[in-house]
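> Sharing a structure with you now.
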Amino acid sequence: MARTPSVMLPLGTKAPDFNLPDTVSGKNISLKNFEGKKGLLVMFICEHCPFVKHVKTELANIGKDYISQDLGIVAISSNDVENYPDDSPENLKLMAEKEGFNFPICYDETQEIAKIYQAACTPDYYLFDSEFKLVYRGQLDDSRPSLDIPVTGKDLRDAIESLLTGKPISEEQKPSLGCNIKWKKGNEPTYYG
């Protein structure tokens, strides 16, 4: 497992649009689904990664805690399923159902959405304001699978709370860390590795 940090897209970046199938409902999801919300959390995750397995219960909790507070949430998986079949749309759907995700988990088959977001790892988090401008990108919290630190979601939750209550979000943000996105052979982006 390659420990890969976030690229840390510049704050203020406009959320790139996407149009991807939700593995649970089968409906296509795009930025339009989140217009009028106070914010949008975009998470790049997958099923097989130990870093995601470590935090998936907290991701479900974040969904339960904030989806009713006018925060849009969407997860996207961009891994190469030919070489990582655990990350297939069918397995993403099973994970979503088992964990009780109340947000879409979309499948980015071409990996183009991961590229335009400059996603590098799973998990990778992007929090946008009501105008779809990036206000936070970074880690969930200080916990890692190999560390004896509880998963609290503190860093991401602090950013969400600040966004929802109109308080400034600190620009000092630590990169997320996880497994590298599993790019299809020859599809690796220039910003990667």
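Quick note: the coordinates plus some simple rules give every number you see, no bench work behind them. Everything quoted here is computed from the prediction, not taken from an experiment. Don't worry about glycine lacking a Cβ; one is built from the backbone with ideal geometry, like all the others, and counts go over all protein chains shown.
> Under 11 Å from the Cβ of residue 55, count the other residues' Cβ atoms, weight Lys and Arg +1, Asp and Glu -1, and hand me the total. Numbers along the way, then the final one.
Numbers: positive: 53, 56, 144; negative: 58, 99, 141.
Net charge around residue 55: 0.
> Given H placed 1.01 Å from N in the peptide plane, which residues other than close sequence neighbours of residue 76 have an amide H under 5 Å from its amide H?
So residue 76 has HN proximity to 43, 44, 45, 106.
> Moving on. Count the DSSP beta bridges whose two residues both fall in the chain, then state the antiparallel fraction as a percent rounded to the nearest 5. Mind showing how you got there, number by number?
Working: 20 of 29 bridges.
Taking every DSSP beta bridge within the chain, about 70 percent pair in antiparallel fashion.
> In percent, what relative contact order does the chain have, based on Cα pairs under 8 Å that are 6 or more apart in sequence?
Relative contact order here is 32 percent.
> Also, I was wondering about something else. Residue by residue through region 70-82, which ³J(HN,Hα) values in whole Hz follow from phi under the Karplus form 6.51 cos²θ - 1.76 cosθ + 1.60 (θ = phi - 60°), with glycine and proline marked x?
Couplings: 6, 9, x, 9, 9, 10, 10, 10, 10, 5, 5, 7, 5 Hz.
> Please report, in debye to the nearest 20, how large the charge dipole of region 3-180 is about its Cα centre when each Lys and Arg carries +1 at its beta carbon and each Asp and Glu carries -1 there.
Details: 19 positive and 28 negative charges, 68 e Å.
Computed about the Cα centre, the dipole is about 320 debye.
> How many angstrom lie between the Cα centre of region 157-193 and the Cα centre of region 94-125?
Taking the Cα centre of each part, region 157-193 and region 94-125 sit 12 Å apart.
> Given the DSSP H assignment, sum -39500 (n - 2.57) over each helix run of at least 4 residues in the chain and divide by its residue total; what's the result at 222 nm in deg cm²/dmol, nearest 500?
Values: 4 runs with 46 residues, N = 193.
Calculated at 222 nm, the ellipticity per residue is -7500 deg cm²/dmol.
> Could you order the peptides 146-154, 181-189 from most to least packed, using the average number of other C-beta atoms within 10 Å per residue? Write out the running numbers ahead of the final one.
Details: 146-154: 12.2, 181-189: 15.3.
Output ranking for 146-154, 181-189: 181-189, 146-154.
> Could you pull out every residue, at least 5 positions away or on a different chain, whose amide H is within less than 5 Å of the one on residue 138? Hs are placed 1.01 Å off N in the peptide plane, and Pro or chain starts have none.
Under 5 Å from the amide H of residue 138: 125, 176.
> Follow-up. Over region 3-180, with a single point scatterer placed on each C-alpha, what log10 of the ratio I(q)/I(0) does the Debye formula yield at q = 0.15, 0.19 1/Å?
-0.78, -1.37
> Here's another thing I want to ask about it. Could you list, in their original order, any pairs among 32/93; 64/184; 37/184; 93/167; 37/185 whose Cα atoms are separated by more than 31 Å? Could you put the intermediate results ahead of the total?
Values: 32/93 22 Å; 64/184 33 Å; 37/184 34 Å; 93/167 35 Å; 37/185 37 Å.
Over 31 Å Cα-Cα: 64/184; 37/184; 93/167; 37/185.
> Residues with amide H under 5 Å of residue 22's amide H, sequence separation 5 or more or different chain, H placed in the peptide plane at 1.01 Å from N; which?
Counting only residues 5 or more places away or on other chains, the set is 27, 28, 29.
> What does the charge count near residue 38 come to, summing +1 for each Lys or Arg and -1 for each Asp or Glu among other residues with Cβ under 11 Å from its Cβ?
Result for the neighbourhood of residue 38: -2.
> Which whole-Hz ³J(HN,Hα) couplings does region 83-96 yield from phi under the Karplus relation 6.51 cos²θ - 1.76 cosθ + 1.60, θ = phi - 60°, glycine and proline marked x?
9, 10, x, 4, 9, 5, x, 4, 6, 5, 4, 4, 4, 4
> Same structure, new question: Mind listing the phi-derived Karplus ³J(HN,Hα) values for region 26-35, rounded to whole Hz, using 6.51, -1.76 and 1.60 with θ = phi - 60°, and x for any glycine or proline?
Per-residue couplings from phi come out as x, 7, 7, 10, 9, 4, 4, 4, 10, 4 Hz.
> Can you give the local net charge around residue 19? Use residues other than it whose beta-carbon is closer than 13 angstrom to its beta-carbon, Lys and Arg +1, Asp and Glu -1.
Details: positive: 27, 32; negative: 17, 22, 108, 109, 112.
The answer is -3.
> Which distance in nm do the two modelled labels at residue 142 and residue 80 give, with both placed 7 Å along the Cα-to-Cβ direction?
Between residue 142 and residue 80, the simple spin-label model gives 3.7 nm.
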